[in-house]
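Colleague: Structure provided below as structure tokens; questions to follow.
The values are calculated or read from the model by the stated rules, or taken from the named source; none is laboratory data. Here the structure is a predicted model, which is why all the values come from computation and not from measurement. Because the Cβ atoms are built from the backbone with ideal geometry, glycine has one as well, and the counts that use them run over all protein chains shown. Remember, those area values only see protein heavy atoms, side chains included, never the ligands or the DNA or RNA. Shrake-Rupley method; radii C 1.70, N 1.55, O 1.52, S 1.80 Å.
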Amino acid sequence: NHILNCHDLLKYCAIYVTGITLKYGDEAVTEIELVAGHSGRLVADISPDEATDKALLWELEGDDDTVCTVAQDGTVTALASGIGHSCTVRCTAKDRGTVSNTVTVSVVPDASVNPGGYDVPDPFVWQ
């Protein structure tokens, strides 16, 4: 007969991810703005801390890579072709694939390129 304590039991049982909070900087976010041509990194806080498998999958919803791209470390790059549009970045825990969270990324023009703040015509024609 073997008697297992809680510590021994955890060696044999998976602890699944139950929540993901996405942060940009130190703040939890559901939406951010990125300047076209620039990147920012989203960070995932996983709960519980004791989760067995903390691997994540970062992807764009709808696969619209004309607005922004996302790398597997959470780095989002806003593309010039995405100015005035937004994309949704999804972070999913790989352990069961059922826990995820999203952030909406709005792509804005660079104020130094467009200092007046006026609407940039589409397509971009500078006169």
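Colleague: Among 69-78, 100-109, 52-61, what's the highest-first ranking by average C-beta atoms within 10 angstrom per residue? Intermediate values should be presented prior to the final figure.
Modeller: Working: 69-78: 17.0, 100-109: 18.6, 52-61: 14.0.
So the peptides 69-78, 100-109, 52-61, ranked by packing, come out 100-109, 69-78, 52-61.
Colleague: Testing the spin-label approximation: label points 7 Å from Cα along Cα→Cβ at Ser39 and Asp64. State their distance in nm.
Modeller: Calculated label separation equals 2.2 nm.
Colleague: To continue, here is another question. Counting heavy atoms of the protein chains only and a 1.4 Å probe, report the per residue accessible area for segment 54-107 as a whole number of Å². Can you show the working numbers first?
Modeller: Values: 2520 Å² over 54 residues.
Spelled out: the 1.4 Å probe surface of segment 54-107, per residue, equals 47 Å².
Colleague: Taking the Kirkwood radius as the inverse of the mean 1/r across Cα pairs, report the Rg/Rh of segment 36-109.
Modeller: On the way: Rg = 13.1 Å, Rh = 12.8 Å.
A ratio of 1.03.
Colleague: Moving to a separate point now. Computed over the Cα atoms, what is the radius of gyration of segment 11-70 divided by 2.2 N^0.38 Å, N being its residue count? Before the final figure, lay out the partial values.
Modeller: Working: Rg = 14.5 Å, N = 60, 2.2 N^0.38 = 10.4 Å.
Normalised Cα radius of gyration, segment 11-70: 1.39.
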